[in-house]
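The values are calculated or read from the model by the stated rules, or taken from the named source; none is laboratory data. Treat the numbers as computed from the prediction; the structure is a model and nothing was measured. Here the Cβ positions follow ideal geometry from the backbone for every residue, glycine too, while neighbour counts run over all protein chains shown. We work out accessible area using only protein heavy atoms, side chains counted, and drop any ligands, DNA or RNA first. Shrake-Rupley method; radii C 1.70, N 1.55, O 1.52, S 1.80 Å.
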Amino acid sequence: MYAGLQELGVANGEDLKETLTNCTEPLKAIEQFQTENGVLLPSLQSALPFLDLHGTPRLEFHQSVFDELREKLLERVSAIALEGKVEERYKKLEDLLEKSFSLVKMPSIQPVVMCVMKHLPKVPEKKLKLVMADKDLYKACAVEVKRQIWQDNQALFGDEVSPLLKQYILEKENILFSNDISVLHNFFSPSPKTRRQGEVVQKLTQMIGKNVKLYDMVLQFLRTLFLRTRNVHYCTLRAELLMSLHDLDISEICTVDPCHKFTWCLDACIREKFVDNKRARELQGFLDGVKKGQEQVLGDLSMILCDPFAINTLALSTIRHLQDLVGQDTLPRESPDLLLLLRMLSLGQGAWDMIDSQVFKEPKMEAELITKFLPMLMSFVVDDHTFNVDQKLPSEEKGPIPYPSTIPEAFTKFLQENRIACEIGLYYILHITKQRNKNAFLRLLPALVETFSDLAFSDIFLHLLTGNLTLLGDEFALEEFCTSLFDGFFLTTCSRKENVHRHVLRLLLHLHHKVAPAKLESLQKALEPTKQSGEAVKELYNQLTEKLELRKPSPAEVTETPSMELPLPTVPTPASR
């Protein structure tokens with residue numbers, strides 16, 4: 001409590017204790033101690049007895065004076081940090097820190113010492129080490145001081161950042177597994193600016209401040225974690241963090257990050273969920289502008305493009321372009337904008353391989369993706385148009401054209417072997433589901449059972465698919481639809497992929513009332529958790545069971561109601577005469 005007072009020649013509680021122990025007249029000793037250590041203001045001495053008359057303890061008076069002086073001192077320190085020449089102001093603060101630092105462990109004086117340190121751009125290393133070595137001091141110091149400690153202590157900074165990164169990933173997963181299934185409000189609904197206001201991004205932004213070294217450390221943490229886990233949410237955080245610093249005009253960092261302008265342009269596209277022609281040219285300019293010897297920047301650009309929000313925007317734009325090309329009677333290879341979208345998708349999807357191998361070169365695009373796969377997707381769009389037009393014709397003019405039920409073997413092969421084709425194919429399936437196109441959905445569904453890296457069973461795709469399937473809610477009453485969707489797709493992997501199990505239960509929690517009772521009963525048995533199932537699966541299954549129990553009619557309703565018709569009394573026939 002009195003730490004450091006003796007070093008400044010100020011008497012403390014221990015001095016008073018010693019004085020009282022060795023004196024013969026304690027009252028005189030106390031009076032002398034008060035005179036020597038009280039407020040040295042002559043006019044005050046005559047006023048103090050007046051406070052005594054009002055029953056105000058001296059401690060209360062001195063405490064209020066002390067608090068007032070401390071506030072004035074804090075204000076003065078903040079003022080010194082802004083006035084005069086830079087060298088002069090920092091010299092004053094350094095002198096003040098030298099005089100006051102010995103009191104840093106004294107709770108009542110500590111805020112003043114911390115305030116002085118906060119305003120110093122470079123706190124003496126010796127004092128930083130003393131703060132770092134004491135947990136309480138480290139906890140109490142301002143973030144401006146902590147930045148100076150962190151920039152030379154990567155492990156300590158990592159300990160501070162790690163819980164925030166874990167929290168961020170958990171928040172993303174909670175959104176993907178949310179029980180609120182909606183086609184209008186999904187994982188990709190919040191705008192980029194709204195996402196950047198999240199707690200983790202704001203905290204990291206504050207921790208970094210204008211410190212380029214700390215920013216580089218965070219980026220290194222994100223790259224390392226992305227490599228270790230393949231979790232694409234780290235790519236989202238990389239982009240969000242840069243744009244959060246951009247929002248605050250932190251030019252010290254934005255000007256040195258070579259990805260800044262590219263990310264800024266892409267952020268605008270993500271906001272619109274579409275890459276227009278003007279922005280496409282800008283993005284292409286950035287990619288083409290990567291000079292020889294600077295290829296390493298492709299690693300960061302690929303990570304920015306691997307962000308699921310970027311992939312979502314690029315894939316949606318690709319589907320839209322393909323539909324436009326059908327109307328224009330144009331082939332994919334003749335569209336520069338479409339080729340750029342594919343180039344960026346390819347760069348994003350190749351992020352992990354590029355950072356892992358440290359070979360910074362744009363992935364080579366397979367020609368068959370453009371010459372075979374995309375025209376095949378366009379033929380599916382044509383099939384839909386043809387069928388829809390045929391359905392609208394008068395019955396006597398209708399041709400006997402059933403909806404195509406088979407899919408080309410090449411389509412399934414592309415989804416299995418080509419990552420970009422698989423991504424675009426999955427987004428096309430999301431597109432037709434959102435259009436309530438049951439026929440096209442059931443036609444392409446079998447191709448999803450086996451896809452590149454099991455992308456069809458990834459959380460982001462299943463989150464979007466379950467949301468879009470709510471638009472086909474009435475189809476769940478049909479045996480054929482449920483068999484194709486559940487038996488033919490979901491249940492093929494439920495037992496080995498817990499995330500799929502969770503998504504199916506989420507869907508049934510939302511649409512169980514639409515499913516035929518017999519089918520629902522068999523699904524309930526098939527989805528029963530095993531001993532190895534996680535708590536999340538068991539919790540969802542229990543919720544579903546409770547809902548189904550509530551829907552069951554009560555025994556009283558089940559028993560057959562007695563007939564209301566009364567039997568007619570038998571009337572004897574009149575005797576024949």
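Summary table
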{"read-out": "Residue check for F441: free of Cβ contacts under 8 Å to residues at least 40 places away in the same chain, under 27 Å from the mean Cα position of the chain (by Cα), open to solvent by less than 40 Å² (accessible area, probe 1.4 Å) and closer than 30 Å to S182 by Cβ", "value": "no"}
{"read-out": "Index of the failed condition, P49 passing every other in (1) at pLDDT 80 or above; (2) open to solvent by 60 Å² or more (accessible area, probe 1.4 Å)", "value": "(1)"}
{"read-out": "Residue in the stretch 446-456 that is part of a helix (DSSP H, G or I), open to solvent by less than 20 Å² (accessible area, probe 1.4 Å) and not aliphatic (A, V, I, L, M) present", "value": "no"}
{"read-out": "Residue under evaluation Y90, criteria (1) surrounded by 14 or more Cβ atoms within 10 Å (Cβ to Cβ); (2) modelled with pLDDT of 90 or more; (3) of a type in the set (S, T, Y), criterion not met", "value": "(2)"}
{"read-out": "The stretch 209-218 - residue that is in a helix (DSSP H, G or I) and free of Cβ contacts under 8 Å to residues at least 60 places away in the same chain and, of those, farthest from L305 (Cα to Cα)", "value": "V212"}
{"read-out": "Residue within the stretch 199-215 that is open to solvent by 30 Å² or more (accessible area, probe 1.4 Å) and of a type in the set (G, A, S) present", "value": "no"}
{"read-out": "Selection within the stretch 246-284 - open to solvent by 40 Å² or more (accessible area, probe 1.4 Å) and of a type outside the set (D, E, K, R)", "value": "L248, S251, T255, V256, P258, W264, F274, N277, Q284"}
{"read-out": "Test set (1) under 13 Å from Q148 (Cα atoms); (2) open to solvent by 60 Å² or more (accessible area, probe 1.4 Å); (3) assigned to a helix (DSSP H, G or I) - P121 fails condition number", "value": "(3)"}
{"read-out": "Failed item in (1) open to solvent by 20 Å² or more (accessible area, probe 1.4 Å); (2) over 23 Å from F414 (Cα atoms); (3) part of a helix (DSSP H, G or I), with R496 passing the rest", "value": "(3)"}
{"read-out": "Scope the stretch 284-307; condition more than 29 Å from the chain's Cα centre (by Cα) and more than 18 Å from V359 (Cβ to Cβ); matching residues", "value": "G285, D288, G289"}
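Every residue, every condition in (1) open to solvent by 80 Å² or more (accessible area, probe 1.4 Å); (2) out of contact with any helix residue (DSSP H, G or I) (no Cβ under 6 Å at 6 or more places or on another chain); (3) part of a helix (DSSP H, G or I); (4) free of Cβ contacts under 8 Å to residues at least 40 places away in the same chain, yes or no:
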{"position": "D152", "(1), (2), (3), (4)": "yes, yes, no, yes"}
{"position": "I169", "(1), (2), (3), (4)": "no, no, yes, no"}
{"position": "E173", "(1), (2), (3), (4)": "no, yes, yes, no"}
{"position": "L184", "(1), (2), (3), (4)": "yes, yes, no, yes"}
{"position": "F187", "(1), (2), (3), (4)": "no, no, no, no"}
{"position": "P190", "(1), (2), (3), (4)": "no, yes, no, yes"}
{"position": "T194", "(1), (2), (3), (4)": "yes, yes, yes, yes"}
